[in-house]
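The values are calculated or read from the model by the stated rules, or taken from the named source; none is laboratory data. None of the values given here were measured: they were computed from a predicted structure. Cβ: placed from backbone, ideal geometry, glycine included. Neighbour counts: every protein chain shown.
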Amino acid sequence: MTYERRIDGRKFDEIRPMEAKVGVIKRADGSAMFRFGNTIAYAAVYGPRNLYPKFLQDPAQGILRCYYNMMPFSSSGERVRPGGSRRSKEISMVTEKALKTVLNLKEYPNSVVDVFIELPQTEAGSRCAGICAASMALADAGLIMKDMVSAISVGRVDDKVVVDLDYSEESYDGIVADIPIAYLPTLGKITLLQMDGIVPKKMLIDALQQGIKACQKISEVQKKALKQKYVLEGVEDVQ
Amino acid sequence: MVEVKVKDKDIVVPGEILADGMGYVPGVGTYREGEAIVSERVGVVSIDGRAIKLIPLSGRYLPKRGDTILCQVVDVTMNGWRLETNSAYQAMLSLKEATSEFIARGADLRKFYDLGDYLVCKVSNVTSQMLVDVMMKGPGLRKLNGGRVISVNCNKVPRIIGKHGSMVSLIKEASGCQIIVGQNGLVWMQGNPEGELLAVRTIRMIETESHITGLTNRIKDFLEKTTGKTLEIRMEQ
């Protein structure tokens with residue numbers, strides 16, 4: 001069986017339409033929205049702020065806590081049971097690990113940076129959208145970070161390597177592998193790599209290379225959105 | 001090959017390459033990666049001779065020795081007060097440094113500064129583990145009565161104060177309010193209600209527009225238009 005055309009008509013290396021916005025939650029220290037097609041993620045960052053109970057504090061550096069949450073109405077059809085689950089706990093953890101490597105919290109001992117990721121609508125690739133939004137929100141919160149983090153899922157559908165799988169491809173009736181990756185565009189490092197499915201070595205390498213290319217495109221969107229926050233309409237710039 | 005990839009006053013995001021080559025040195029908010037200088041936060045580029053640094057646009061306040069800050073009393077202890085500083089850390093105001101008044105042994109400390117009171121104090125010491133000590137002996141350090149307190153982005157405090165206090169005195173004159181700006185991003189103001197509202201509006205305007213040049217004149221025009229007074233940009237001594 002071969003996968004000739006993608007179900008939604010995209011090219012094999014084409015990302016779903018992206019949208020990014022910074023400063024969407026006014027009361028948070030930093031916030032951002034990121035969208036891949038029908039997957040929307042909002043991230044809010046609070047902190048560094050004081051951390052209790054005290055035994056959680058780390059006197060060497062500040063800690064990072066991530067919360068990933070899908071809203072009850074976010075999936076297509078079935079109601080997502082609200083509250084934490086085994087899945088959300090795992091994704092929270094990998095998100096935290098993907099973001100922690102770029103952050104420098106040495107100047108904030110005994111404190112915490114909280115990242116809340118909420119998904120009002122999902123259609124595959126939600127952890128990647130979450131990481132993209134969270135990295136923008138952390139930058140918006142003015143934290144010291146070595147690089148931005150961009151994330152995308154790549155994979156295979158039958159004999160084709162595809163970028164940014166949507167739900168119809170994830171549940172395709174054939175051999176499918178889904179590989180979410182997070183990438184630091186300037187430093188050229190991968191901070192998240194998971195895989196669900198079976199993929200031969202050659203395809204995996206090809207998929208990762210395409211994923212890295214896609215992440216570079218995503219990082220441009222993220223950068224533009226961060227700068228857009230400081231462009232004000234109707235204020236004259238007198239040089 | 002030495003090459004600067006950004007201009008002065010450009011807004012950059014983390015991970016952006018600012019310059020390539022060893023001809024420049026990384027300043028605050030930047031780091032060196034190989035031969036390149038890379039930004040590590042959202043900020044405005046400032047090229048100062050051979051140094052490239054960033055002026056931050058956002059971020060929480062981090063207590064620094066010598067800062068004058070506005071704090072709220074959150075707890076009273078045996079030997080002083082614990083204060084909320086609008087940062088990740090609380091500050092201690094010890095009995096000795098609190099007031100020039102005489103405090104009798106065993107006196108109820110809440111008679112001096114009660115829970116919820118706002119104080120103007122100076123950061124006297126900060127340790128590596130961010131234990132913060134503040135004092136209240138000095139000119140202008142006092143308890144605040146009445147008025148209102150708003151929270152602003154602490155990175156914009158220098159813009160709200162202006163060169164030698166020119167901006168804040170402009171607002172004081174236009175609104176008829178007393179204003180105290182803490183380095184930690186808390187601003188206290190007291191005057192008639194209309195004046196206070198005008199001061200809040202002006203400060204919010206500075207907060208959103210401060211990275212665009214010509215700020216002082218824009219604020220002056222705005223204040224003149226709303227109050228009908230003629231104002232003058234003056235430096236405070």
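Structural remarks
- Test: residue in region A:202-213 that is surrounded by 21 or more Cβ atoms within 10 Å (Cβ to Cβ) and more than 11 Å from every other protein chain (Cβ to nearest Cβ): yes
So that you can scan it fast, the table gives a plain yes or no per residue for (1) at the interface with another protein chain (Cβ under 10 Å from one of its Cβ atoms); (2) surrounded by fewer than 24 Cβ atoms within 10 Å (Cβ to Cβ):
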position	(1), (2)
A:SER92	no, yes
A:THR95	no, no
A:ASN110	yes, yes
A:VAL113	yes, no
A:PRO120	no, yes
A:GLU123	no, yes
A:SER126	no, yes
A:ALA137	no, no
A:MET145	yes, no
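- Annotation: of all residues in region B:1-56 being closer than 24 Å to A:LYS106 by Cα and small (Gly, Ala, Ser), the one that is nearest to the other protein chains (Cβ to nearest Cβ) is B:GLY15.
- Selection within region B:15-54 - among the charged types (D, E, K, R) and touching a residue at least 24 places away in the same chain (Cβ under 8 Å): B:GLU40, B:ARG41, B:ARG50, B:LYS53
- One residue from A:LEU99, A:LEU64, A:LEU143 being in a strand (DSSP E or B), under 29 Å from A:PRO185 (Cβ atoms), modelled with pLDDT of 95 or more and touching a Leu at 6+ places or on another chain (Cβ under 9 Å): A:LEU64
- Answer residue from region A:147-158, given it is buried (at least 23 other Cβ atoms within 10 Å of the Cβ) and of a type outside the set (Val, Ile, Thr) and is farthest from the other protein chains (Cβ to nearest Cβ) among those: A:ARG156
- Flag set for B:LEU141, criterion: part of a loop (DSSP other than H, G, I, E, B) and touching a Cys at 6+ places or on another chain (Cβ under 8 Å).
- Scan of region A:203-229 for residues that are touching a helix residue (DSSP H, G or I) at 6+ places or on another chain (Cβ under 9 Å), more than 17 Å from A:CYS128 (Cα to Cα) and not aliphatic (A, V, I, L, M), ordered by number: A:LYS229
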